[in-house]
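Below is one structure, written out as C-alpha cells; the observations come after it.
Computed from the coordinates by the stated procedures, all read-outs in this text should not be read as laboratory data. Predicted, not measured: the structure shown is a model, and the values here were computed from it. Glycine also receives a Cβ, built like all others from the backbone with ideal geometry; neighbour counts cover every protein chain displayed.
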C-alpha cells in the first residue's frame, strides 16, 4: 500500500527546510569566519592634554588616569588636580577661582576639535585654541606639531594664560617654560615629523 503525504503537510515541510537552509547559508556567509564571541580590551593608556598626566597627576595616579574614561575624570582625578593647583603646600599655590577655571577647561581630558569653526581663523589649529578666552579664542582646537604643549601646560599652571589670576605668577615666571625647543624637523608631507636630533 502506498502512503501519500497531504499537500498542506508537504508544503509546511518544504517551508521549514527552506528556512533552515537559509539560516545555515546566512551563518556560513558571516564576515568573521567564526563564532560570534564578544571581545574585551584593556585600556592601558590615555593622553589628551599632556598637562593632566605629566604635570598635575602624581606618578602613582597614572594607572588610574590611563584606565578610566573621560566621563570619570572629574570624580576620579579632579580632586588631585585641584589640590595640586591650590594646595597650601603645593608649588602652584593658585586661587580656587583660577583652579576652577583651569579645571573646567582641562576636564574631561580630551582633545577638542570643533569642525564647525573657520579653518582659516587667526588662531586656527592648536592646543586650547577652541577656548572662548584670550589668547586662545577663535581657533578650532586639536594640536599642531609646532605646539610646545609642555610650555603651554606650565604657563597654564604657573602663569596667567586666562587673565583670571593676574597675581598668581609672581615669583614663578621661571616655572612657565622647560627651556627645551623642538628638536624634530617638521616636513610639509606625511608623516610630517622627522627624526629627532
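In a fully extended conformation the segment linking residue 40 and residue 75 would gain 10.2 nm over its present Cα-Cα distance, using 0.36 nm per residue. Applying 1/(1 + (r/R0)^6) with r as the Cβ-Cβ distance of residue 195 and residue 61 and R0 = 30 angstrom yields a FRET efficiency of 0.40. Remark: the residue 144-residue 181 segment gains 11.8 nm on full extension, using 0.36 nm per residue and subtracting the alpha carbon distance.
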